[in-house]
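Just below is one structure, and these are the notes that go with it.
The values are calculated or read from the model by the stated rules, or taken from the named source; none is laboratory data. Quantities reported herein were computed from a predicted structural model and do not represent experimental measurements. Cβ placement follows ideal geometry from the backbone for every residue including glycine, while neighbour counts extend to all protein chains displayed. Accessible surface is based on the protein model in full, side chains and every heavy atom, while ligands, DNA and RNA are left aside. Shrake-Rupley method; radii C 1.70, N 1.55, O 1.52, S 1.80 Å.
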Amino acid sequence: MTAEPSAVTVEEVSAEATYDLRRAVLRPEGGEVVWAGDDDPATVHLAARTPDRRVVGVARLSPAPCPWRPEARAPWQLRGMATDPAVRGAGAGRALLGACLAAVAQRGGDLVWCDARTTAARFYERAGFTVVTGEYDKPGIGPHVGMVIPVAGASRSS
Ligand SMILES: CC(C)(COP(=O)(O)OP(=O)(O)OC[C@H]1O[C@@H](n2cnc3c(N)ncnc32)[C@H](O)[C@@H]1OP(=O)(O)O)[C@@H](O)C(=O)NCCC(=O)NCCS
């Protein structure tokens, strides 16, 4: 089953609504899917849904200092980005990421950063993110790179 890009809508959801996809895609070998900060009032959880309301993409945003851009005024960390393998390549990830950047801009953020799996780095680059570190390992998950993107409308200090 595939989803046309136009058929996916992105909306704010509860943390709980993201756990099934986190488990299936990001922690298939087991491991915690409930993360510190999930229930923080400032944390934003977004989900991409098909018209039948199925969650096919998830992401989390929270205000957090950027390890590589200490001068950022209002940085936000992106975590837990995942799409259902059944819809990959159909634009759900792009729609979700675009909504993430819009959500941060709406909240006055000036930067989004993430620990990106090297296998997903190209996906983020296509959306305008830049790799700002060498590779580092996250135990049990694999190689990552640090990536950042200034948020439109905010002052570009990076
Ligand atoms: C990375 C991920 C979220 C992308 O989701 P998706 O729904 O396939 O993304 P889209 O279909 O919107 O793709 C957007 C563009 O990025 C490209 N793309 C997507 N994933 C890519 C990847 N891993 N490598 C290179 N390009 C990729 C697509 O081909 C598309 O290109 P286009 O602009 O030329 O059309 C998804 O593959 C995923 O969940 N991966 C496993 C979990 C993961 O690695 N999450 C990121 C953790 S940091």
task = Consider only pairs whose beta carbons are under 7 Å apart and that are at least six residues apart or on different chains; among these, list those whose first residue lies in segment 78-105 and is near the ligand (Cβ under 6 Å from one of its atoms) and whose second residue is of a type in the set (D, E, K, R) and not in a helix (DSSP H, G or I).
result = A90/E4
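Take the residues in segment 70-84 that are hydrophobic (A, V, I, L, M, F, W, C) and over 10 Å from the mean Cα position of the chain (by Cα); name whichever of them is surrounded by the most Cβ atoms within 10 Å (Cβ to Cβ). Step through it out loud before you land on a result.
If we filter segment 70-84 for residues that are hydrophobic (A, V, I, L, M, F, W, C), which is where we start, we get 72, 74, 76, 78, 81-82.
Pick out the ones that are also over 10 Å from the mean Cα position of the chain (by Cα) and you get 72, 74, 76.
Values: A72: 22, A74: 13, W76: 27.
Applying the filter and picking the extreme gives W76.
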inquiry  = So in segment 114-151, with the set limited to residues that are closer than 20 Å to G30 by Cα and of a type in the set (G, A, S), which one is nearest to the ligand (Cβ to nearest atom)?
reply    = A116
ask   = Taking segment 27-69 as the region of interest, how many residues are out of contact with any Ser or Thr (no Cβ under 7 Å at 6 or more places or on another chain), open to solvent by 20 Å² or more (accessible area, probe 1.4 Å) and not in a loop (DSSP other than H, G, I, E, B)?
value = 2
inquiry  = Please go through segment 20-47 and give me each residue that is within 14 Å of the chain's Cα centre (by Cα) and more than 23 Å from T118 (Cβ to Cβ), ordered by number.
reply    = D38, T43, V44, H45, L46, A47
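Filter segment 6-17 for residues that are more than 12 Å from the ligand (Cβ to nearest atom) and not in a strand (DSSP E or B) and give the result. Step through it out loud before you land on a result.
Residues of segment 6-17 more than 12 Å from the ligand (Cβ to nearest atom): 6-7, 9, 11-17.
Listed by number, the residues that qualify are S6, A7, S14, A15, E16, A17.
Pick out the one residue from D20, D40 that is modelled with pLDDT of 95 or more and more than 23 Å from A95 (Cβ to Cβ). Talk me through it step by step, then tell me what you get.
Values: D20 fails: more than 23 Å from A95 (Cβ to Cβ).
Exactly one of D20, D40 is modelled with pLDDT of 95 or more and more than 23 Å from A95 (Cβ to Cβ), namely D40.
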